Amino acid sequence: PNDNNNKWHPTIESLQTFAEQDGQRIRLIAVDYFSAIDEALLGSDWTKANEALEKLREYQKFYGKDVYLTKNSIKAEIFYNKTNIFETLYPYYLVLGFVLLTLSFIKIIKPAFKIEIFSKITLGLLVLFFLSHTFGLGLRWYISGHAPWSNGYESMIYISWATALAGIFFSRRSSMTMASTSILAGLILFVAHLNWMDPQVTNLVPVLNSYWLSIHVAVITASYGFLGLGALLGFIVILLFIIKTKGNEKHISLSIKELNAINEMGLMIGLVLLTIGNFLGGVWANESWGRYWGWDPKETWALVTILVYAVVVHLRFIRAIYSEFNFAVISLLAYTSVIMTYFGVNYYLAGLHSYAKGDPVPIPDFVPITYAIIFILVALAFRNRKVV
């Protein structure tokens, strides 16, 4: 009561803070509620618990009317929690992508196979999933009152959205590209729902309460979707090199050229977004901390990522190095810098971006296993690396 900042207090803190003012009333409300819950758990009658909860709600409405949620906001959040949109979507993304990727490989091996109808169906479903994904982001935005990319979980679901958008963007050029983005969008959503990610809807900390947050983070994290698409396309090209033989060389070589061309376009878009987003981050840094650049770990690694991808997209001008095989491998490995910028800095390095830092987590077991598999596949593809 009588708090101009309208701060919400946990039960115990409320009893301690308002002991002299209104402590007895708060104590009665709390005791009635928890006692009613104990009775309900024993007898399965929740009538008294609901009545006690209603008293608590009336108390909150009276003293917190300035910040109390509207009925529509409460209904929206209940609907959001029940539908669990993002966790529900990722299996559909994954299954859709793997089915189309399998059909695309069949098309490469057997050119007579008619994949067009499957591509159209997949595109329709991908657009449907994308619209559901967009609705989920918009719903979370409405519930929280701020753009849904302010913490680790929210940025992950947004990067997944950007990845799906990239797939739709390049869908006409290649069914394999569309399959890749669907798989990647599903994988990102899957990672977002691992137990060390917190999906709770929270308020913004003061340093994030800026419209530059929405602009800067939206642009720079959208780039991760396009760069991730490039990494996955590079991985698929490596697989194509492995299965290439004299009998299917012609068709696979054409597919490799097609995928690398799409890969390069996607990396260019990602690099442009990443660079613009970094400059916008400087504007936000000046507003928040009074300087545009301070060699903070996050800023430094964002610059490193820009330089890495600047080399990748200019690789074709270095004839002594460029080949279809080298471009695929480098575009895949280059994504390591994005992973370091996004995960490594947030969870392992201290700096001004520590507001986004979660509890230190051990490096997951699948990380070294994944890189071991990648290097084994690269070694297997190396024998078929000749220019196609």
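The values are calculated or read from the model by the stated rules, or taken from the named source; none is laboratory data. Not measured: the values here are computed from a predicted model. In this analysis, Cβ positions are derived from the backbone assuming ideal geometry, glycine residues included, and neighbour counts consider all displayed protein chains. The accessibility values were calculated without ligands, DNA or RNA, using every heavy atom of the protein model including side chains. Shrake-Rupley method; radii C 1.70, N 1.55, O 1.52, S 1.80 Å.
Details
- Straight-distance crosslink candidates among lysines, where the alpha carbon sits under 27 Å from Lys110 and sequence neighbours closer than 8 are dropped: Lys120, Lys244, Lys246, Lys250, Lys257, Lys386
- Secondary-structure-derived ellipticity at 222 nm for the chain, considering helices only, amounts to -24000 deg cm²/dmol, per-run term -39500 (n - 2.57) for DSSP H runs with n ≥ 4.
- Amide H contacts under 5 Å for Ser323, placed H, 5+ residues apart: none
- For segment 240-299: rounded, prolate or oblate by the Cα gyration tensor [a/c cutoff 1.5]: prolate
- Separation of the Val99 and Thr47 label points, Cα + 7 Å toward Cβ, nm: 5.1
- Fully extended contour minus Cα-Cα distance, from Val31 to Ile242, at 0.36 nm per residue: 69.2 nm
- Residue among Asn195, Asn346, Asn260 with the largest mean-square fluctuation in a Gaussian network model of the chain, springs linking Cα atoms under 10 Å: Asn195
- Cα-centred dipole magnitude for segment 1-121, charges only on beta-carbon of K, R (+1) and D, E (-1), debye, nearest 20: 1000
- Computed FRET value (nearest 0.05) for Ile321 with Lys114, which takes r as the C-beta separation and R₀ as 56 Å: 0.90
- Counting Lys and Arg as +1 and Asp and Glu as -1 over every other residue whose Cβ lies under 15 Å from the Cβ of Leu332, the net charge comes to -1.
- Distance cut-off 12 Å, percentage of C-alpha pairs in segment 156-198 lying past it: 55
- Sequence ranges 156-169, 325-338, 366-379, ranked by mean other-Cβ count within 10 angstrom, highest first: 156-169, 325-338, 366-379
- Local charge for Leu213 was computed over the other residues whose Cβ lies under 12 Å away, with Lys and Arg +1 and Asp and Glu -1, and equals -2.
- Simple point charges give the picture: +1 on the Cβ of Lys and Arg, -1 on the Cβ of Asp and Glu, and for segment 212-316 a dipole about the Cα centre of about 420 debye.
- Average Cα contact separation per residue, the chain, under 8 Å, 6 or more apart, as relative contact order %: 14
- Table column - 3J(HN,Hα) (Hz), segment 107-122, Karplus curve with 6.51, -1.76, 1.60, x for Gly and Pro: 4, 5, 6, 10, x, 6, 5, 8, 9, 4, 5, 5, 5, 5, 5, 4
- Given 12 as the ceiling on other Cβ atoms within 10 Å, longest exposed-site-free region of the chain for trypsin sites (Lys or Arg not before Pro) in DSSP loops: 173-245
- Projecting the Cα atoms of Leu213, Gly247, Ile262 onto the charge dipole of segment 203-320, computed from C-beta unit charges around the Cα centre, puts Gly247 farthest toward the positive end.
- Positive minus negative residues near Val127 (Lys, Arg vs Asp, Glu; Cβ under 15 Å): +2
- Of the GluC sites (Glu not before Pro) found in segment 3-69, those in coil by DSSP whose Cβ has at most 16 other Cβ atoms within 10 Å are Glu20.
- Evaluating 6.51 cos²θ - 1.76 cosθ + 1.60 at θ = phi - 60° for every residue in segment 66-71, the Karplus couplings come out as 6, 10, 5, 5, 6, 4 Hz, glycine and proline recorded as x.
- Computed P(r) (all Cα pairs; the chain; 20 Å bins; percent): 23, 48, 22, 7, 0
- Note on segment 71-164: Cα-Cα pairs beyond 18 Å make up 54% of the total pair count.
- Accessible surface area normalised per residue over the chain is 54 Å², counting heavy atoms of protein chains with a 1.4 Å rolling probe.
- Close amide-amide hydrogen proximity is noted between Phe18 and no other residue 5 or more places distant or on a separate chain, at a cut-off under 5 Å (H modeled in the peptide plane; Pro and chain starts excluded).
- Restricting the chymotrypsin sites (Phe, Trp or Tyr not before Pro) of segment 249-321 to loop positions (DSSP other than H, G, I, E, B) with no more than 12 neighbouring Cβ atoms within 10 Å leaves Trp295.
- Built amide H within the under 5 Å cut-off of Ser210, gap 5+: none
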